[in-house]
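Peer 1: Can you read through this structure? Questions will come right after.
The values are calculated or read from the model by the stated rules, or taken from the named source; none is laboratory data. Just so you know, these numbers come straight off a predicted model, no measurement behind them. Cβ sites come from the backbone with ideal geometry, for glycine too, and all protein chains shown count toward neighbours. When the accessible area is computed, the model is the full protein with side chains, heavy atoms only, and any ligands, DNA or RNA have been set aside. Shrake-Rupley method; radii C 1.70, N 1.55, O 1.52, S 1.80 Å.
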Amino acid sequence: MRFLVLTAFLLFSSLFYAQYSVASIPEKLRFNVDAVIRNNEVSIQVLAVDQMVYQITKVVTVFNASGNAFADARIRYDNEVKVKNVEAVIYNQFGGEIETIKKRDFKDIAAADGFSLYRDDRVLYADFDPSQYPYTMKFTYEVETSDTGAMPQWYFVPGYGVSVEKSTYKISCSSKNLKPIIKEQNLAGLDVKVNNEYNTITYVAKEIPAFLGETLSPSHHYILPRLSVRLPNFHFKGYSGTVNNWQDLGTWIQDILLDGRDELGEPTITKMRNLVKGVQDDLEKAKIIYRYVQKNTRYVSVQIGIGGMRPINATEVDRDKYGDCKGLTNYTKALLRAVGVESYYAVVESGSTKVDMQEDFADLIQGDHVILAIPYNNSYYWVDCTSQINPFGYLGDFTDDRTVLVVTPEGGKLVRTESYLNEENAKQINGTINVFEDLSMDAQVTIQTKGIKYDLRMALERESSEHIKEYYKTLWDNINGVKVKNYSFENNKDDIVFTENVNFQAENFVAKNGEGYLLSLNPLNNDTYVPPRDRDRKYPFLVQRGSFEEDKIQIEIPENFTISSLPEDVFMETEFGNYQAKLQKKANGALVYNRSFFLKAGTYQKELYQKFRSFLRTVARMDKQKIVLIKNAP
């Protein structure tokens, strides 16, 4: 009898361990992945407009350090979000338990982000540092909250390089009035079952192979399967609302988040009016006020109050001279109102990758940054009030060319921000290179940048001399031994043009090659980037902004050197852009090299990727072009 009990126990143990053993993962889900989601389950109960409970279970097997992010065990909470039954269990590759982390062992810290002065929300997290791979983490917890305005969103696949065994999303409502609106995205071709009965909706996805990131692929936001979920009638941080569209949401933001928070003291109002005294044009007034904000405030993230969404009062920013994006935008809006200039609070999803607000799905989840929209002559000027260096009306790649929510007196409107496309992103190089008999060189170079390329260079004027010299050494690392002698910058904030004047020297610029000497024709703007091969591409590829480069370089060579031959002119024209380069010899023996390279913004079909790569490979080869110099006999 004891033998049978022991056998049963061992059998049960082996089955239990096998549940989370790596060997039990289907082979197709283990191929070329950083992690596998073994089971990811959320079960939500909406009990009332201001009462919601949800349970989360997440089991993740991690194969390498890149997969650790998918086993992240952390929960954000505040006064309206109560966390219960938190536990993380770690298993080895055979499914044997290594460690159990109870709630009492979780770290409990303020949810500071490195910039925050203070915040009223906190984070619970399991402090686990893996010593071996693969391992599996099972993370479970339960949340009770009155916040139904920010529903748990759902990615069936949480990122590139991770596959999924099973993923479940279930939401139950106590009445039909609380039924959520669910938007399905990118579910085609996947094994996703949907069960919609009574007041419960359940989604179950099984055996989803990993989505692998590809060079220049669109944001995973537009590719990975996910659900967007919201309640049309909701409660959030003590306030109720009904939102059916973006206009409604803009009205809610105005009435709940912004109302009464743009009041200023009379001394400040008088000061602002004196600043713009005699100026009639609203745009010129706005520029003066913006410069005042840049000079007299600083950015500090102050995420407190209604979920970090409500700006602090304009009077507080005026007094303390700091604020977060919401506070500084609201403050600038108040200053403009004091001088009779209309402006609007605008919510945007920020980042160098463009992400639009979903036109058919208005919710509080979208948008992580706030900027200011100033209407003028049937258009908008956009300003980021957190920047102390951006020119007026310049956004850069942080918030450019995407739909944002503009909060107007009539409600919310989706508007597209300023775009920087193609020729607007320009770089022009003019240079003179003197080559000496000892094969060294001296270069005088002027670089002008506009559009997004301005964004990449304007910060140079704020850097130290050591940093700037190192920057140019890296920029021209194709030239050995660069020594920057002097430099100067001109930042034209009216036309948004940044100009760099650089003088540098280098030894052994011309390389000995047998009886001849090799001279690089394009040492100042050598574009060597070639995207990697991708023979089995799954997604289209994206050139987000495009660019235009134009170079003119004059090369003075010593009198006792002659050119063996001039290369033929190059001209390529494709659907992705064009490239041309030509070399001329002047009467005095100097060489003049002219080059232009235009890359066109667009989303291109995956079948064109190899052709695109071939185009850039040819550009890189042409940019490395050299000619042979022959030294005349004495």
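Peer 1: Using only alpha carbon pairs under 8 Å that are at least six residues apart, calculate the relative contact order of the chain and give it in whole percent.
Peer 2: 10 percent
Peer 1: Hey, another quick one. Run the simple label-point estimate for R273 and V592 please: 7 Å along Cα→C-beta, distance reported in nm.
Peer 2: About 6.0 nm, to one decimal.
Peer 1: Give the long-range amide H neighbours of N39: residues separated by 5 or more places, or on another chain, with amide H under 5 Å away, using H modelled in the peptide plane at 1.01 Å from N.
Peer 2: The answer is V59, K166.
Peer 1: Mind jotting down the distance between the C-alpha centroids of region 82-98 and region 517-575, whole Å?
Peer 2: Distance between centres, Cα-based: 55 Å.
Peer 1: Give a residue-ordered list of calculated ³J(HN,Hα) values for region 211-223 (Karplus: 6.51 cos²θ - 1.76 cosθ + 1.60, θ = phi - 60°; whole Hz; x for Gly, Pro).
Peer 2: 8, 9, x, 10, 4, 6, 6, x, 3, 4, 4, 9, 10
Peer 1: Could you go through region 536-541 in sequence order and give the Karplus-derived ³J(HN,Hα) for each residue, using 6.51 cos²θ - 1.76 cosθ + 1.60 with θ = phi - 60°, rounded to whole Hz, and x for Gly and Pro?
Peer 2: Each residue's phi maps through the Karplus curve to give 10, 5, 9, 10, x, 10 Hz.
Peer 1: For the chain, what is the mean residue ellipticity at 222 nm derived from helices alone (per DSSP H run of n ≥ 4: -39500 (n - 2.57); sum divided by total residues; nearest 500 deg cm²/dmol)?
Peer 2: Result for the chain: -5000 deg cm²/dmol, rounded to the nearest 500.
Peer 1: Another question about this same structure. Dipole size in debye (nearest 20) for the chain around its Cα centre, Lys and Arg Cβ +1, Asp and Glu Cβ -1?
Peer 2: With Lys and Arg at +1 and Asp and Glu at -1, about 860 debye.
Peer 1: How about region 195-227: which chymotrypsin sites (Phe, Trp or Tyr not before Pro) there lie in a loop by DSSP and see at most 11 other Cβ atoms within 10 Å?
Peer 2: Y198
Peer 1: Assuming a strict under-27 Å limit between Cα atoms, what lysine pair count do you get for region 403-469 once near-sequence pairs (fewer than 8 apart, same chain) are dropped?
Peer 2: Here the count comes out as 5.
Peer 1: Right, here's the next one. Among residues other than F498 whose Cβ falls under 11 Å from its Cβ, what is the net charge (Lys/Arg +1, Asp/Glu -1)?
Peer 2: Summing Lys and Arg as +1 and Asp and Glu as -1 gives 0.
Peer 1: Now a separate question. May I ask you to derive the FRET efficiency for E142 and D536 from their Cβ-Cβ distance with R0 = 41 Å, giving the value to the nearest 0.05?
Peer 2: Efficiency computed from Cβ-Cβ geometry: 0.45.
Peer 1: Stretched out fully, how many nm does the piece from K582 to Y376 gain, at 0.36 nm a residue minus the Cα gap?
Peer 2: 69.7 nm
Peer 1: Are there any trypsin sites (Lys or Arg not before Pro) in region 573-627 that are in a DSSP loop and have at most 15 other Cβ atoms within 10 Å? List them by number.
Peer 2: Within region 573-627, the qualifying trypsin sites (Lys or Arg not before Pro) (loop, at most 15 other Cβ atoms within 10 Å) are K586, K624.
Peer 1: Could you list the GluC sites (Glu not before Pro) in region 375-448 that lie in coil according to DSSP, counting only those with at most 10 other Cβ atoms within 10 Å of their Cβ?
Peer 2: E410
Peer 1: Next up: What is the distance in Å between the Cα centres of region 246-287 and region 312-372?
Peer 2: So the separation of the two Cα centres works out to 12 Å.
Peer 1: Using a probe of 1.4 angstrom, how much of the accessible area of the chain is carbon and sulfur, in percent?
Peer 2: 47 percent
Peer 1: Please list, in order along region 251-260, the HN-Hα scalar couplings obtained from phi with the Karplus expression 6.51 cos²θ - 1.76 cosθ + 1.60 (θ = phi - 60°), rounded to whole Hz, x for Gly and Pro.
Peer 2: Running phi through 6.51 cos²θ - 1.76 cosθ + 1.60 with θ = phi - 60° gives 5, 4, 4, 5, 6, 9, 8, 10, 4, x Hz.
Peer 1: Let me ask something additional. What number comes out for accessible area per residue over region 168-266 if the probe is 1.4 Å? Units Å², please.
Peer 2: I get 47 Å² per residue for this part.
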